[in-house]
Structures are given as C-alpha cells and as structure tokens.
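First the structure, in the form of structure tokens, and then the observations on it.
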Amino acid sequence: MKRILLRGTKDPFDVATPQATLERKLIADNSGNLVFLEAAYKLLSTPGTEVVVDHLRIEPRDADRINAEFDAYVLPFANAFRLTYDVWMVRMTELLKRLRIPVVILGIGAQANLDYKLDRLRPIEPTAKAFVRAILDHGPSIGVRGELTETYVRSLGFSDVDVIGCPSMFLWGDRLRIEKRRPRLERDARIAMNVSPYVRRMGAIVMANLERYPNLTYVAQDRDTLELLVWGEGRSEAAETSDVPIHLSHPLFEEDRTRLYIDPWPWLADLRAADFAFGTRIHGNITALLAGTPAYVLAHDSRTLELARYFDIPHRTIPNVPPDVDAATLYDEADYGWLNDGHAARFAVFTEYLHRHGLEHAFEAGGAAEFDARIAHLAFPPALRVSTREADPGSARARLQRLRYRIFRLRRTREVRWLRSAVVRRTRWLARATPRSLFGRGLRS
C-alpha cells in the first residue's frame, strides 16, 4: 500500500457540523479551499494508495515520522507566495529540509495586484528562495498556478517550473463542458453571486443586481459569514451599513438569499440548478463550472486573474466593471469555446506533471468512480442560511454559544501570535548565527 500525506484541512469523508467546522477551522478562512484540496484528494485516490490529510500541521519535528510512514508529501497551495505567509514558509522549509521522501507541489500561486508587479514580494525573497530550493531538492520541478507565479519563481533564479493550473478544475478529469442554458438572462434567472467582502467595489454591483433578479442568491465563502450564520452578530456588527454583504441587516441576509456551504458536494449539487454565476471568488466560479453552470470571474488580483487566464474562464478585471453592470451583459459576452476546447490538453499537462513526480491519478487507475460512490453515500449538511439557523441570535443560548466560540478564537489567536513571534525570533537568531548555512544555498540559486 502506497501512502501519501496530503496538505489539507480535512478528509473529504469527514462530515462535520457547522459549529465543528468553525472550531476545527475546517475551511481555514474560505470554503473555496475545500474545492481544490478535495479535488487533489480525489485525483490521488488510486487503488492501492492511501491518502492521509495532514490537517495543515507544519511541525519540523514530525519529519522522522513522515519519512517512516509515507511515500510522498503532496502540497496543494493557494497564494502561498505572499507577505503574510512568510512565517509559515519558514516552518515548512525547515520541515521539507528534513524529509527524505518526494515532495510534490500542486499549483502554488504568488500574490500581487492586477498589474502583476512583484515589487511588494521583495521582503520575502530570502524565505521564498529557501522554500523553492527545499522543494526542488525533493522533486524535478515546482508546479505553479499560472503565468505570474512562473515569472516570480524564475525571478528567484529557478528554471524548473511547470504551469499546471489548479487541481480543482480537474475534479472530473478531462471531462468538462459548459453550455449556456438560456439565450439571455431574464428577470426570473437563477443567479449565484460570489463576493470577496474586502473588495468594496462589489457593493454597488451587488445592490444593482439583487434588485434586477429576485432569484439571485449570494453564495458566501468566508469564515466571518460562517460565524454570522452560526452565532449571529453582536452590536458592532449589527451597526454595519455597507452595501457589501457583511452584516445581517443587508438585504441578502434579511431576504434569506444568502447560502454558505461547508462541503463542496452540496454546493456543486445546488449550483447545477443555477443559470449563471459571477463574482470575485475564483473557486466560487470554478465550483459553478464544475457543476456545468456558466460562470464569469471579476478578477480583483493576480491570483484570480492568472487562473482565469490559464483556464480561459470568461473574465474582466474589476476596474473595468461598471458599478451598475448587469449580470445579463456578462452572460451575453461570455464565450466558453476556449475553455471547453482546451480542457483536455490542460488535464494532460497536469497528469504528465504527476507522472514525472512518480504519481498516478485516479482517472487512469480506476479510483475516481470509487471515490464518487463513497461521497454519494454520505449525508453532508445542506447550505447554511439565515432561516435555518438553530437559535435566535438574541437568545440566551445563542449569546452563550457565541461567547464560548469567541473565547476559543481569542485563545487560538494568542497561540498563533506567540508562534509567529517565536518563529521570527528563532529565524533572526539563526540568520545572524549562520547566515550562509541557513540561507546561502537558496540565495545563490
């Protein structure tokens, strides 16, 4: 039996309640993470292979156990080349340097603005170089999400880079075809909108389209909205008046038009009934495409833009979207020909990358159908919505639950801050003590 350790928050067959999802951080900060993490799990689920999720644990002292128990360590990433991930890259590098098994990266991304300028990543260059060098010491290349990240890794001095996209788009292997179900979106169209709450330009777009389309729903993905739907909100949140749906007094909450999924599978099932999806969330739109539903990306940064470009997903950059844009306009201009025609070739690139790293995939080895059958027999929680919240947010029970959870979050935040401070102090000490032995190899690459 081959055993693969996979970076991920949870096993796809782990059915958890919304409360447990929050407390165990099973979506991390965004439920879109589960789409690419669980797609990676499925792709690796070949007969004779056991896939074990690491629950995002990064402990260099685990290296001996990992070497003894696993045959490969596979790491699907999002935008890991970013300033706020610097500390965790240091820890991951220390772990990788102690491993003796192959390490395979499935689609890592760099974080930049829409202009693709990489200047803002200069402070983390020493960390990024050491990280990439540790990866390449365990495999023939590093797999990146798109054109910008390829440019970034090459700018660090490394040439062994493969653009492979994101595993989420290969949930069904080489099978993916998007067709419009309506000649035009009319007022009764079923529309799934996704919004990054920090993209304030989306406020006007949200308000314009919720008025036009009574069957429009907001599919939220962030942990803060999950907290709102589970625990309600306190006085400070209740005072919000933003047009972006981040408070329960927003029409999308008051009219029970908000949904949030804590597993990909009910999300996919519900999106199959939609006519169109659009917004700033890359995996919100990819999930719609996987459901066979036309989707349109409003790209607000490099990570959304490079994936939309690589997979030929219809898109505009957010500065080029009028505040009163009509979803019907986006629907009319969307062309899925290049996405459909190029999908099999992109899957071939992805699977060739796996083969060169010593990995089979489920679609060639007969594991995909078995995975799908196991998923089909599980009862995942349906979409969370305001009308199905267990308790009135003003009730004594809800206030107590919310207080308990906030105490839990405070403790975790304090632990993370302490850990971050400790890692930074340790790294600085090591850099002063033995700068060439710690960083020299990566800096020369």
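For the reader, a short list of remarks on this structure follows.
- Members of the stretch 306-348 that are touching a Gly at 6+ places or on another chain (Cβ under 8 Å) and not hydroxyl-bearing (S, T, Y): E306, L307, R309, F311, D312, R346, F347
- For the stretch 27-65, the tally of residues that are at pLDDT 95 or above, assigned to a loop (DSSP other than H, G, I, E, B) and within 12 Å of the chain's Cα centre (by Cα) stands at 2.
- When A72, A68, A78, A40 are checked against the criterion of being surrounded by 17 or more Cβ atoms within 10 Å (Cβ to Cβ) and farther than 20 Å from L307 by Cβ, A72 stands alone in meeting it.
- Residues that are closer than 29 Å to K42 by Cβ and polar (S, T, N, Q) do not occur anywhere in the stretch 232-253.
- Qualifying residue in the stretch 1-16 (condition: over 28 Å from Y261 (Cα atoms), modelled with pLDDT under 95 and among the hydrophobic types (A, V, I, L, M, F, W, C)): yes
- Flag if D14 is touching a strand residue (DSSP E or B) at 6+ places or on another chain (Cβ under 8 Å) and either of a type in the set (D, E) or buried (at least 21 other Cβ atoms within 10 Å of the Cβ) (or both): no
- Among strands (runs of 3 or more DSSP E) entirely within the stretch 251-330, having at least 1 residues that are among the hydrophobic types (A, V, I, L, M, F, W, C) singles out 258-260, 276-279, 295-299.
- Within the stretch 118-131, the set of residues being over 14 Å from D86 (Cβ atoms) and in contact with a strand residue (DSSP E or B) (Cβ under 8 Å, 6 or more places away or on another chain) comprises just one member, L118.
- Condition check for V144: under 24 Å from V90 (Cβ atoms), without any contact (Cβ under 8 Å) to a residue 60 or more places away in the chain and of a type outside the set (S, T, Y): yes
- Failed condition for G143, given (1) under 20 Å from H355 (Cα atoms); (2) assigned to a loop (DSSP other than H, G, I, E, B): (2)
- Among the candidates T304, T258, residue that is in the same structural domain as P197 (by TED's automatic domain parsing), of a type in the set (S, T, N, Q) and farther than 20 Å from I164 by Cβ: T258
- Candidates L378, L354 - the one that is part of a helix (DSSP H, G or I) and hydrophobic (A, V, I, L, M, F, W, C): L354
The values are calculated or read from the model by the stated rules, or taken from the named source; none is laboratory data. Source: prediction; values computed, not measured. Heads up, the Cβs are rebuilt from the backbone with ideal geometry, glycines too, and the neighbour counts pull from every protein chain shown.
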